[in-house]
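Since the structure comes first, as structure tokens, the remarks are kept for the end.
The values are calculated or read from the model by the stated rules, or taken from the named source; none is laboratory data. Remember, it's a predicted structure, so these values are computed and weren't measured experimentally. Every residue, glycine among them, receives a Cβ derived from its backbone with ideal geometry; neighbour counts consider all protein chains shown.
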Amino acid sequence: MRDPLRSGHRVLAIAVSAAILLLLGSPASAAQPPANPWLGPAGSATMHGDAESSDTTTAAGPGTGPVRVQTAKLGAACPTVLAGRDGFPVALCTTQLGRTPTVFLLDPETTQPLTRLALPKGSLLSGVYAYLDNRDRLVFVDGANELVRVAHQHTSSGWRLSIAERTPLGSAIPEGDGVSSLMPDWRGRVWFGTNRGTVGVLDGSVAHTVRLGEQIANSISTAPGATAVATTHALYRLSAGPDGVPHVDWRVAYERGPGRKPGQLSWGTGASPTFFGPRTGTEYLAITDNAAPEENLVVVDARTGAPVCTAPSGLAGTELSPVASGDSVYLASTYGYPYPALPEGAGPSTPLLAPFTGGMTRIDVHPGGCATVWRNPERSAAVPRLSTADGKLYTITRQKPAGGARGSTLFDHYEAAVIDAKTGRASTAGRIGSGFFSDTLQMVGSIVPGRVQYQGTVNGVVAIRPAGAVQPAIAR
């Protein structure tokens, strides 16, 4: 029989712990994920900032004051905007005409394109999940199932993008399949996942694989000695020995829900797995499930897969990876977001339509479980990026015109928004544009030194800086 006194003490302890975390918790004091030596600078080297997919950066953002917005109209949707140690933004985009994957090198002072390089067509996700390596080369898998490294250099005739290396993946990719995501581990080997559920490890020119048999629709994440993969059914941890052969360490199934929700791109979790934690920055793994009518944050022990806590998110659905730092996790709703295109085979959503209402949540993990710290109604139209330097979440919000209809319209406008990570209070820094071509389409922004925030849109890239800020000198 349960001891009611002991239960009461436990509830009180949890409440006190949550209160202490709320008062004292600060993203700036949290443990940072370890930097992967095979990546570019943490915070801007991958779509989710780092190998662990924390969506954090140690660079300060533009802040809450007035901002200056520069727009590069590229005629292409740019879900991946990264920046290396040399400060030059590199965008992996898909052109509106021809749907051609194209790499753009942008001028860090004007944000205008310096040069571009067209690539073979692949799947939707192979044009999203890429990274910058430790030599500032853009790494991705092209439509020919070759791992490609694209370098940029200044020549006597101007800037140039060129393919520095090609590595065929060959028989490692099953017929009719394609790579959806990739990430290096701490030995320099490249892990990759395919749309139909194969996970591989490329060591030099040799690839070894293991078949999971479940769709992989989000990014792979790596930490020292571990690789995390979220399929449309379960969360996995994998590892590989000196021979490079991958194997499954554990598998944790989650609630899949009744089907693909409106505002999501696949049936199952919309999250890339996120390593985080207050001690090492990697002791926990987090995803969101696909439960209905409300999704849950699912946190497990990254070493064993043992449950840490499951907490209601307050969101009907999300396609975004959890943002996490220390013991805090931040979630944003995409439920009902009106994507103009879906991946092949996505199928109809359940329900068919829903308005995009938005909403954001902070949940803290503590010894007794999870506690919701705040919720706000912000309609984030991009993946938020947390600056641990200033304790702010930076995103783009979708705003309806005055008197606009419920949900979303073609006349919506998009605002640079700053959310206080401690309180959830939001402020608007400035408008980045209006209408379809300014849609940030739940894509990720990157924040770089100099308080510059780069954000992809349906039609190119915008740079957001503090008004009157002096641009730091860039070596050319």
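Annotations for the structure displayed:
- Among the candidates Y339, Y335, the residue that is out of contact with any Pro (no Cβ under 6 Å at 6 or more places or on another chain), part of a loop (DSSP other than H, G, I, E, B) and under 16 Å from N218 (Cβ atoms) is uniquely Y339.
Conditions tested, residue by residue: (1) in a loop (DSSP other than H, G, I, E, B); (2) free of Cβ contacts under 8 Å to residues at least 12 places away in the same chain.
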residue: V81; (1), (2): no, no
residue: G98; (1), (2): yes, yes
residue: L105; (1), (2): no, no
residue: T111; (1), (2): yes, no
residue: R116; (1), (2): no, no
residue: Y129; (1), (2): yes, no
residue: L132; (1), (2): no, no
residue: A144; (1), (2): yes, no
residue: Q153; (1), (2): no, yes
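For every residue, the table says whether it meets (1) more than 25 Å from V329 (Cβ to Cβ); (2) among the hydroxyl-bearing types (S, T, Y); (3) modelled with pLDDT of 95 or more; (4) touching a Pro at 6+ places or on another chain (Cβ under 9 Å).
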position: R406; (1), (2), (3), (4): yes, no, no, yes
position: T409; (1), (2), (3), (4): yes, yes, no, yes
position: D412; (1), (2), (3), (4): yes, no, no, yes
position: E415; (1), (2), (3), (4): no, no, yes, no
position: A421; (1), (2), (3), (4): no, no, yes, yes
position: F436; (1), (2), (3), (4): yes, no, no, yes
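- Those residues of the range 157-172 which are under 11 Å from L202 (Cβ atoms) and touching a strand residue (DSSP E or B) at 6+ places or on another chain (Cβ under 7 Å), in sequence order: T167, P168, L169, A172
- Complete set of residues in the range 418-459 that are under 21 Å from the mean Cα position of the chain (by Cα) and among the polar types (S, T, N, Q): S438, T440, Q442, S446, Q453, Q455, T457, N459
- Residues of the range 216-234 satisfying the condition of being assigned to a strand (DSSP E or B) and closer than 20 Å to P33 by Cα: S221, T222, A223, A226, T227, A228, V229, A230
- Residue within the range 380-388 that is farther than 18 Å from T80 by Cα and buried (at least 22 other Cβ atoms within 10 Å of the Cβ) present: yes
- The sole residue among T282, T304 that is buried (at least 17 other Cβ atoms within 10 Å of the Cβ) and either closer than 19 Å to I216 by Cα or at pLDDT 95 or above (or both) is T282.
- The residues of the range 116-165 include none that are modelled with pLDDT of 95 or more and touching a helix residue (DSSP H, G or I) at 6+ places or on another chain (Cβ under 6 Å).
- Hey, A51 touching a Leu at 6+ places or on another chain (Cβ under 7 Å), outside any loop (DSSP other than H, G, I, E, B) and among the small types (G, A, S) or not: no
- Qualifying positions in the range 53-66 - farther than 15 Å from V444 by Cα and surrounded by 24 or more Cβ atoms within 10 Å (Cβ to Cβ): P62
- Scanning the range 182-216 for residues being under 22 Å from P79 (Cα atoms), touching a Phe, Trp or Tyr at 6+ places or on another chain (Cβ under 9 Å) and touching a residue at least 60 places away in the same chain (Cβ under 8 Å) gives a total of 2.
- Residue check: T310 meets all listed conditions (1) surrounded by fewer than 21 Cβ atoms within 10 Å (Cβ to Cβ); (2) in a loop (DSSP other than H, G, I, E, B); (3) of a type in the set (S, T, Y) but one, namely (2).
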